[in-house]
Every structure is written in structure tokens, then in C-alpha cells.
Amino acid sequence: MKEKDTLGIVKQALDDEISSLVHFRENLDPSVKDCVELILKSKGKVIVTGVGKSGDIAKKISHTLSSTGTSAYFLHPTDASHGDSGIVGPDDVVLAIGKSGESEELNYILPTLRKIGAKIVGITANAKSKLAELSDVVILTPVLKEACPLDLAPTSSTTIALVLGDAIAVALMELKEFKADDFALYHPAGRLGKRLSLYLSDVMRKGERNASIPLNANLELILKEITEKGIGATGVIDSQSKLVGLITDFDIRKYLTKHTLSPNVTAKEMMNPKPNSFLPNEKAYDVLIKMEGRERPISVAPVVDENGVFVGMISLHDLLQKGL
């Protein structure tokens, strides 16, 4: 038996799908614009539906739309036939996906959805299909060749449908002027969401957890505050609670290399009078980058409000612990 070139087979499959995508791009159906405009004008949501592999693609498209500012839901045709079509409203737009356009389960529910008042966008490779006939807008997705060597298993066709769904979502994002802060609102738990939505005010140590001493604090009070608050530093404040300096473990060691240890030394003598500080409304991730990106990275920094009042302390450990 002749040994087959596994890597060559993989490359050929990729070439087949890429060729089909390029062909689809070069012959893009202008109806895509009608679809996007229909969704933009709609006061309802987008319902994405399909059977089998097309159904899997429909799920992904619905998730992408929802996460980028367009309310969308996946509706399985079989479930729709047994009551779930109640989720569809008269202001909704339905994206119905089917390569052949002849799926009985999919086409069976479309007249009902149209009767409800929803607009149907058919995504199919068959212009003469029942799906195309039942649709208000038809987007043709011609396929040069499935990557499947038998030209049977949905491969290139599902890739085209997936990429088309992504492109529609991107177009809607741009036309709606969907911003990074909007994206963060829909992704609060993921790393990207945290980087976009977490501010220093959400992460910093404040109140009783914030290490703070007056200008005249002696060595005992300095060490006690740093030890009890467990952040390796303490802010130094004046009578109006404004930050006038910072004392870290490093500052103590630096002072002791030049001076004789005395219990009467004050915070004013030991502090760094010009520490790097941040504002509470700065994004936590931006501050993390600034702290790590210095020629000499800092592990802790004070947070002050617009009037210079000492309101909190932030550490690299706290920032990294948040999963940034």
C-alpha cells in the first residue's frame, strides 16, 4: 500500500477552502448590504437558524453578533416547530443558513416566522432553492469545491457561512460605532473584558486596607503600618490627607545605608517625596503596563484623586491576581 502524504493532504484541504473563500469574496453577493441594512433598521433581534453543520455555524454567528452589540439568538428548527418559535417577534430578522436550501426542517418553520412578521434572510448556495423562495433577502454563497475529497461533507461551505457571519457582525459593529468599552460591557469575566473594564478604583486598597501615616510618624509607626497592611509600603500624608511622599521597604533600606538607625527618625526624613502616583479612574491594565514598563519597574504605587488626596494603594500583585 502506497504511503500517503499526510501533510500534503492537509495543505490541499486548506487550499480548497481558501480558494472557495477567495471565489466567494470576488463574487460577493450585493444582497449582503441589504441584509446589514435590514438588521440596522430593525427594532428587534436577530434569530439565526440552521440544521446540522449549518446549525453549528448558526450558533457561532449568533454568539458573535450578541457579543458585538447586536442582540441575537440561535433557534433550532425542530425546537421552533414545537413551540420555540414564540421567541420570534414581528420586528426580528431571521438569518436562515442552508447550503442546498432544501432542508425540510428549516423550510418548514419559515412560513410561520414570516407570518409572525419577521423578515427572512436566506444564506444558501442554491438560488433556485425553497429557502431562497421563502426569503425576503437572499445571499448566495457559491462554493467552488468542498475540501472533502468526496465533495460531500460540509467544509468549504460552512467556512464561507461562518466568515460571512463574522463579516456581517463586523459591519454592524462599525456602522453602530461599537467601541472597546461597549465590548468590555458584554465580556466582564474574560481577560480582555477585565483589561477594558477594570479601573484602579475597583482594584486598589482603600479605607482601612490602605497604608497611611502622617509626616511626623516615627520609625516604630512606619514599620508597624507597613507590616500590618502587608503591601510593602505606606503613603505619607499631610493634615489635609494629601499625599506628600511614599515609604517602601526599599526606601527604608536606602536610608539605613546612609544614616545611623534612630527610633526618632520621621517619615518626612525617610520618604520619597516624589513617588509615581496614579488616578483612580485610570484603567487597571494601563497602570500595570506603566508599572512594569519602566526602566526600573515598581511593585507598588499610591493612588490620588484630582486634588492630590491619598485615596488608595495599588500593587503589581493585586493587578496580576485579577487576571490582567
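The values are calculated or read from the model by the stated rules, or taken from the named source; none is laboratory data. These numbers come from a predicted model, not from an experiment. Heads up, the Cβs are rebuilt from the backbone with ideal geometry, glycines too, and the neighbour counts pull from every protein chain shown. Please note that ligands, DNA and RNA were not included when accessible areas were found on the heavy atoms of the full protein model with its side chains. Shrake-Rupley method; radii C 1.70, N 1.55, O 1.52, S 1.80 Å.
General observations
- Restricting Ser71, Ser19, Ser103, Ser81 to residues that are open to solvent by less than 50 Å² (accessible area, probe 1.4 Å) and of a type in the set (Ser, Thr, Tyr) narrows the list to Ser103.
- Residues of region 146-168 satisfying the condition of being surrounded by 15 or more Cβ atoms within 10 Å (Cβ to Cβ) and part of a loop (DSSP other than H, G, I, E, B): Glu146, Ala147, Pro154, Thr155
- Condition met for Glu306 (within 14 Å of Val203 (Cα to Cα), acidic (Asp, Glu), touching a residue at least 24 places away in the same chain (Cβ under 8 Å) and open to solvent by 30 Å² or more (accessible area, probe 1.4 Å)): no
- Matching residues, region 84-95, being out of contact with any helix residue (DSSP H, G or I) (no Cβ under 6 Å at 6 or more places or on another chain), open to solvent by less than 30 Å² (accessible area, probe 1.4 Å) and not in a loop (DSSP other than H, G, I, E, B): Leu95
- Checking every residue in region 26-36 against the condition of being free of Cβ contacts under 8 Å to residues at least 40 places away in the same chain and aliphatic (A, V, I, L, M) gives at least one match.
- Set Gly312, Gly293, Gly245: member being open to solvent by less than 90 Å² (accessible area, probe 1.4 Å), in contact (Cβ under 8 Å) with a residue 40 or more places away in the chain, assigned by the TED database to the domain that holds Gly230 and not hydroxyl-bearing (Ser, Thr, Tyr): Gly312
- Residue check, Lys53 of a type outside the set (Gly, Ala, Ser), without any contact (Cβ under 8 Å) to a residue 24 or more places away in the chain and either under 22 Å from Pro154 (Cβ atoms) or out of contact with any helix residue (DSSP H, G or I) (no Cβ under 9 Å at 6 or more places or on another chain) (or both): no
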